[in-house]
Amino acid sequence: QVQLVESGGGLVQPGGSLSLSCAASGSIFSIMGWYRQAPGKQRDLVATITRGGLTNYADSVKGRFTISRDNVKNMVYLQMNSLKPEDTAAYYCNAYVVISGRYYWGQGTQVTVSS
């Protein structure tokens, strides 16, 4: 049974930093990533990373966010620096399982950037 569990969200002031973690279990995951969804908006890509470490970022977070993963621990991380109020959203971990051809989602963790 595939399970993704996010942690690390919270309230932070503009310009601050926050780190998110996602613990994945139940399979071997190829592409893993983070998406976010603000109230009333669609869920958008934040960043993805392959097993080999190739990364992709949304333009809005380039230079501020860093995605990384630990293939042994089946973890994916998102380091968020220089946070802005527009980064406020629920952040979701996502992972693709090649053998099943399916994407899986975590339950989400809230990030609020406000003074």
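The values are calculated or read from the model by the stated rules, or taken from the named source; none is laboratory data. Everything quoted here is computed from the prediction, not taken from an experiment. For neighbour counting, all protein chains shown are included, and Cβ atoms are generated from backbone atoms with ideal geometry for every residue, glycine included. In case anyone asks, the SASA skips ligands and DNA or RNA and just uses the protein heavy atoms, side chains included. Shrake-Rupley method; radii C 1.70, N 1.55, O 1.52, S 1.80 Å.
What the table shows:
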| quantity | calculated |
| --- | --- |
| The chain, dipole about Cα centre (Lys/Arg Cβ +1, Asp/Glu Cβ -1), debye to the nearest 20 | 140 debye |
| The stretch 1-108 - percent of accessible surface contributed by carbon and sulfur, probe 1.4 Å | 51 percent |
| Distance in nm between pseudo-label sites at Asp44 and Val2 (7 Å out along the Cβ direction from Cα) | 2.5 nm |
| Loop-exposed trypsin sites (Lys or Arg not before Pro) per DSSP, neighbour cap 14 Cβ within 10 angstrom, longest uninterrupted part of the chain | 74-115 |
| Calculated from backbone phi, Karplus (6.51, -1.76, 1.60) coupling profile of the stretch 92-98 in Hz, x at Gly/Pro | 10, 7, 9, 8, 10, 10, 4 |
| The chain - accessible surface per residue (Å², probe 1.4 Å) | 53 Å² |
| Partner lysines for Lys62 [C-alpha distance under 24 Å; skip if fewer than 8 residues away on the same chain] | Lys41, Lys84 |
